[in-house]
Amino acid sequence: MTLWGRMTSVNVQKVAWVLAETSLAAKQIDAGGAFGGLNDATYRAMNPNGRVPTLKEGDFVLWESNAICRYLVNAYGGPLATKTIAQTAEADMWMEWFQNGAYAPFIQMFYQTIRLPTAKRDPQKLATALDQLNAQYSIAEAALAGKSYILGDQLSLADIPLGASLFRYFDVDIDRPGFPALAAYYERLKARPAYRDCVMIDYESLRAKD
């Protein structure tokens with residue numbers, strides 16, 4: 001397998017994290033951001049969106065990070081695999097929840113604190129993003145009460161999009177409400193070598209220069 005994408009991309013980190021938890025090896029090729037290459041004809045032939053990540057296994061090509069994560073677990077099993085169809089559907093639900101509700105304000109928060117130069121940041125946009133993001137995280141906070149992971153005692157695909165966002169959420173300089181279950185969950189994730197290696201990636205190269 002070959003994975004195209006820069007490791008400072010949260011969407012690439014999700015796939016790398018699943019690969020690591022599943023003990024699968026993939027050659028990683030830097031692409032996107034400062035590495036470029038997304039408009040090359042060869043890359044566009046694989047991924048017409050010109051985004052990362054892209055996974056290729058033999059002649060099989062797949063893009064969209066959540067789809068790649070699902071494929072890896074469905075194809076190879078491993079510790080992230082759920083035991084019942086109902087659990088698989090529940091994991092899918094949580095992946096869709098993050099993508100459709102939390103992802104946009106998470107990206108806006110990151111842009112308003114890191115990606116944009118200070119002069120171009122909008123405090124109102126940041127406040128709105130944080131309100132929206134914290135409203136979504138409050139749902140995860142309730143779901144995690146009394147549990148180690150979203151579905152219970154086992155890490156699953158339900159945890160991947162949410163978990164991949166938490167390193168930056170807890171690391172950037174913002175005011176955060178008290179989310180004790182979410183904070184404890186983040187500490188459990190940090191104890192996992194695959195999470196540290198694939199998600200807790202220095203993002204200083206993404207910081208805008210003032």
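The values are calculated or read from the model by the stated rules, or taken from the named source; none is laboratory data. Given the structure is predicted, the values throughout are model-derived calculations rather than measurements. Glycine also receives a Cβ, built like all others from the backbone with ideal geometry; neighbour counts cover every protein chain displayed. These accessible areas exclude ligands, DNA and RNA; they are computed on the full protein's heavy atoms, side chains included. Shrake-Rupley method; radii C 1.70, N 1.55, O 1.52, S 1.80 Å.
What the table below lists for this structure:
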{"read-out": "Selection count, the stretch 191-210, where residues are assigned to a helix (DSSP H, G or I) and under 14 Å from the mean Cα position of the chain (by Cα)", "value": "5"}
{"read-out": "Enumeration of residues in the stretch 51-68 that are closer than 13 Å to Met1 by Cα and not aromatic (Phe, Trp, Tyr)", "value": "Pro53, Thr54, Leu55, Lys56, Glu57, Gly58, Asp59, Val61, Leu62, Ile68"}
{"read-out": "Unmet criterion (only one of (1) assigned to a loop (DSSP other than H, G, I, E, B); (2) of a type outside the set (Ser, Thr, Tyr); (3) farther than 19 Å from Leu151 by Cα) for Ala81", "value": "(3)"}
{"read-out": "Positions within the stretch 90-109 being surrounded by fewer than 18 Cβ atoms within 10 Å (Cβ to Cβ) and of a type in the set (A, V, I, L, M), in sequence order", "value": "Met93, Ala104, Ile107"}
{"read-out": "Hits in the stretch 20-64 (condition: within 24 Å of Trp94 (Cα to Cα) and either modelled with pLDDT under 95 or open to solvent by 10 Å² or more (accessible area, probe 1.4 Å) (or both))", "value": "Ala20, Glu21, Thr22, Ser23, Leu24, Arg51, Val52, Leu62, Trp63, Glu64"}
{"read-out": "Search result, residues across the stretch 154-190 that are assigned to a helix (DSSP H, G or I) and open to solvent by 70 Å² or more (accessible area, probe 1.4 Å)", "value": "Asp171, Pro180, Glu187, Arg188"}
{"read-out": "Condition met for Thr82 (farther than 25 Å from Tyr203 by Cβ, open to solvent by 20 Å² or more (accessible area, probe 1.4 Å) and among the polar types (S, T, N, Q))", "value": "yes"}
{"read-out": "Scope the stretch 128-146; condition under 21 Å from Gln112 (Cβ atoms), in contact (Cβ under 8 Å) with a residue 24 or more places away in the chain and open to solvent by less than 60 Å² (accessible area, probe 1.4 Å); matching residues", "value": "Ala129, Leu130, Leu133, Asn134, Gln136, Tyr137, Ser138"}
{"read-out": "Extreme residue, farthest from Trp17 (Cα to Cα), among residues of the stretch 147-158 that are without any contact (Cβ under 8 Å) to a residue 40 or more places away in the chain and of a type outside the set (Phe, Trp, Tyr)", "value": "Lys147"}
